[in-house]
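Q: First the structure, then my questions, so here it is.
What follows is calculated from the coordinates using simple rules that are stated; it is not laboratory data. On a predicted model such as this, the values are computed, not experimentally measured, just so you know. All Cβ positions, even for glycine, are placed from backbone atoms using ideal geometry, and neighbour counts span all protein chains on display.
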Amino acid sequence: MDFSVNPEQEAVIDVARRFAIEHLAPGYRKREKQGRVERTLVADMGRLGLLGVELPKEFGARGAEYVTSGLVLEAIARGDFNVGYVNILVSLVGQIIARFAMPEIAREWLPEMIAGRKLPSLALTEPRGGSDAANIQLSAKRQDGAYVLTGEKVSIGLATQADLSIVFARTGAPEDGAKGVTAFLVPLDIPGLTRAVKERIGSRCVGGGSLSFDGVKVPAHYRLGEENKGFVQVMQGFDYSRALIGLQCVSLAQLSVDETWASIKSRQSFGKPLSAFQGVTFPLAEAETQLSAARLLCLYALWLKDKNLPHTTEAAMCKWWGAKLSFDVVHQCLLLHGHLGYSTDLPFEQRLRDVLGLEIGDGTAQIMKLIIARQKAGRDAVPN
């Protein structure tokens with residue numbers, strides 16, 4: 001394994017770093033209040049080649065390695081944790097479209113997403129589904145060269161801002177479970193579809209809204225992959241996004257640690273800088289160790305994907321540990337800033353609320369650990 005950065009990678013990562021410092025970091029807390037990601041900002045990211053960097057060149061992307069995509073996301077998330085979710089969605093949804101969409105559909109949507117002119121979303125969770133993701137109730141019935149979608153999806157990032165969504169619907173019988181689910185690309189301006197905002201305690205600028213489908217007609221050629229195989233085919237892409245989420249979380253925590261080192265060197269207590277006290281420095285030393293290990297695990301998962309090797313176990317590890325570790329580290333940094341850290345003058349409270357959402361969304365820790373156990377012991381040995 002070699003995670004050294006070549007000149008081509010360094011160039012795009014440097015662009016991402018500078019963009020994050022100059023354009024993302026100053027507006028992190030403002031976006032929280034306005035509850036939106038500026039479309040001009042996303043378009044700028046597209047213009048700089050910072051979206052879907054690993055997608056095929058034929059669609060206007062860089063065709064870079066998955067590791068490069070992760071390092072770009074890491075830089076973006078350091079500037080604004082939530083804007084990093086745009087990178088993840090373009091990569092995840094882009095991979096699904098590139099692999100499973102009809103060629104004309106891919107040509108219609110992928111260049112727009114990569115350029116930052118169209119925002120994607122992914123609609124999987126349902127009101128009573130939660131972690132039982134295959135228990136999908138939203139129905140898709142064939143009718144005159146189309147599918148008619150009826151039902152509701154919830155907890156969708158960018159739901160009220162996106163232009164398209166990958167929607168999972170039941171085309172088979174309920175008892176078919178995951179084997180009766182099909183995925184569709186759905187333009188979100190289609191008749192019969194309504195959106196609603198669902199207030200959350202964190203990540204408010206990407207939101208967690210809902211989509212309601214009242215007899216929405218989706219042309220048959222907007223189906224992704226084979227009928228009744230969408231869940232199995234498309235869910236494989238989540239191994240990739242879980243590794244990215246791990247890096248997104250680690251980046252936020254590392255930023256908090258870096259700021260806390262600077263703070264304890266400048267603040268005095270009992271006639272000494274706070275950095276003179278082991279009770280202050282040891283938690284940060286532990287955080288540095290754990291964050292370095294988590295980051296390497298994420299890069300390893302992406303390296304495995306670059307080599308077309310199995311990485312389901314490693315991706316699940318990245319997802320549950322990255323989110324939990326980030327929350328714990330940011331919490332510790334807040335405490336080390338004392339009463340000021342507990343105020344809204346500093347961003348730690350927002351970071352805690354933002355990263356907490358990823359201990360739930362995109363797969364809880366319990367689901368990730370179940371995946372790991374099944375990979376190690378076998379599915380039959382670890383039943384539901």
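Q: Just the ratio, please: alpha-carbon radius of gyration of the range 7-118 over 2.2 N^0.38 Å, N its number of residues.
A: Working it through for the range 7-118, the quotient is 1.02.
Q: Additional query: Just to confirm my numbers, what's the Cα centroid distance between the range 36-56 and the range 206-250 in Å?
A: First find each Cα centre; the distance between them is then 20 Å.
Q: Between residue 203 and residues 5 or more places away or on another chain, which pairs have amide H atoms under 5 Å apart, with H built 1.01 Å from N, and which residues are they?
A: Correct list: 354.
Q: Among the aspartates and glutamates, select those whose C-alpha is under 17 Å from the C-alpha of residue 118, and discard any that sit fewer than 8 residues away in the same chain.
A: The reachable aspartates and glutamates, counting only those whose Cα sits under 17 Å from residue 118, are 38, 44, 104, 108, 163, 189.
Q: Right, something else. Please give every one of the lysines within straight-line cross-link reach of residue 198, meaning a C-alpha to C-alpha distance under 21 Å, and leave out same-chain neighbours fewer than 8 residues apart.
A: The reachable lysines, counting only those whose Cα sits under 21 Å from residue 198, are 30, 33, 153.
Q: I would also like to ask the following. By per-residue mean of other Cβ atoms within 10 Å, what is the highest-first order of 355-362, 263-270, 66-73?
A: By packing density, highest mean first, the sequence is 66-73, 355-362, 263-270.
Q: Treating only the Cβ atoms of Lys and Arg (+1) and Asp and Glu (-1) as charged, compute the dipole magnitude of the chain about its Cα centre; round to the nearest 20 debye.
A: Computed charge dipole of the chain: roughly 460 debye.
Q: May I ask you to sort 105, 245 by Cβ crowding, counting other Cβ atoms within 10 Å and putting the fewest first?
A: Placing the least packed residue first, the sequence is 105, 245.
Q: Which whole-Hz couplings ³J(HN,Hα) result when phi for each residue of the range 272-279 is put into the Karplus expression 6.51 cos²θ - 1.76 cosθ + 1.60, θ = phi - 60°, listed in order with x for Gly and Pro?
A: 9, x, 4, 5, 7, 9, 5, x
Q: Take each of the peptides 153-162, 335-344, average the number of other beta-carbon atoms within 10 Å over its residues, and list them starting from the highest.
A: Highest to lowest by the protection proxy: 153-162, 335-344.
Q: Cut-off is 10 Å between beta-carbons; in what order do 149, 296 appear when sorted fewest neighbours first?
A: Neighbour counts put them in this order, fewest first: 296, 149.
Q: Which shape class, rounded, prolate or oblate, goes with the chain when its Cα gyration tensor gives a ≥ b ≥ c as root eigenvalues, a/c under 1.5 marks rounded, and past that a/b bigger than b/c marks prolate?
A: prolate
Q: Sequence gap at least 6, Cα distance under 8 Å: using those rules, report the relative contact order of the range 156-281 to the nearest whole percent.
A: 23
Q: With contacts defined as alpha carbon pairs under 8 Å and 6 or more residues apart, what's the relative contact order of the chain in percent? Don't jump to the answer; show the numbers that get you there.
A: On the way: 710 pairs, mean separation 57.9, N = 384.
Normalised by residue count, the contact order of the chain is 15 percent.
Q: Pull up all non-local amide H partners of residue 147: gap of 5 or more, or a different chain, and H-to-H distance under 5 Å with H placed in the peptide plane.
A: Residues meeting the criterion, in which the H sits 1.01 Å from N, are 218, 220.
Q: Quick one: helix 103-114 against the long Cα principal axis of the chain, what's the angle to the nearest 10°, folded into 0 to 90?
A: Tilt relative to the chain: about 20 degrees.
Q: For residue 236 and residue 196 in the same chain, what is the full-extension length gain: residue separation times 0.36 nm, less their Cα-Cα distance, in nm?
A: My answer for the length gained is 11.5 nm.
Q: Roughly how many Å is it from the Cα centre of the range 284-305 to that of the range 171-200, as a whole number?
A: Comparing the Cα centres of the range 284-305 and the range 171-200, I get a distance of 35 Å.
Q: If you don't mind, another one. Please report the relative contact order for the range 7-118, taking Cα pairs under 8 Å with a sequence separation of at least 6, and give it as a percent rounded to a whole number.
A: That works out to 35 percent.
Q: Then there's this: Please sort 169-182, 246-259 by packing, taking for each peptide the average over its residues of neighbouring beta carbons within 10 angstrom, highest first.
A: 246-259, 169-182
Q: Let me know the number of lysine pairs in the range 237-377 closer than 30 Å at the Cα, not counting same-chain pairs under 8 apart.
A: Taking the range 237-377 as the scope, the lysine pair count is 13.
Q: How tilted is helix 365-377 with respect to the longest principal axis of the chain? Cα atoms for both, answer in degrees (0 to 90, nearest 10).
A: Around 80 degrees separate the two axes.
Q: With labels modelled as points extended 7 Å from the Cα through the Cβ direction, what inter-label distance (nm, one decimal) is found for residue 117 paired with residue 269?
A: Placing both labels 7 Å beyond Cα along the Cβ direction yields 5.5 nm.
Q: Residue by residue through the range 60-76, what is 3J(HN,Hα) from phi via Karplus (6.51 cos²θ - 1.76 cosθ + 1.60, θ = phi - 60°)? Round to whole Hz and write x for glycine and proline.
A: Here the 3J(HN,Hα) series is x, 8, 7, x, 7, 6, 5, 4, 4, 4, x, 5, 5, 4, 4, 5, 5 Hz.
Q: Report the local net charge at residue 339: Lys and Arg +1, Asp and Glu -1, summed over other residues whose C-beta lies under 14 Å from its C-beta.
A: On the way: positive: 267; negative: 345, 349.
Computed value for this residue: -1.
Q: Angle between the Cα long axis of helix 84-100 and the longest principal axis of the chain, 0 to 90 degrees, nearest 10?
A: Helix 84-100 sits roughly 30 degrees off the main axis of the chain.
Q: Can I ask one more? Kindly put 368, 102, 1 in sequence by how many other C-beta atoms sit within 10 Å of each C-beta, fewest to most.
A: 1, 102, 368
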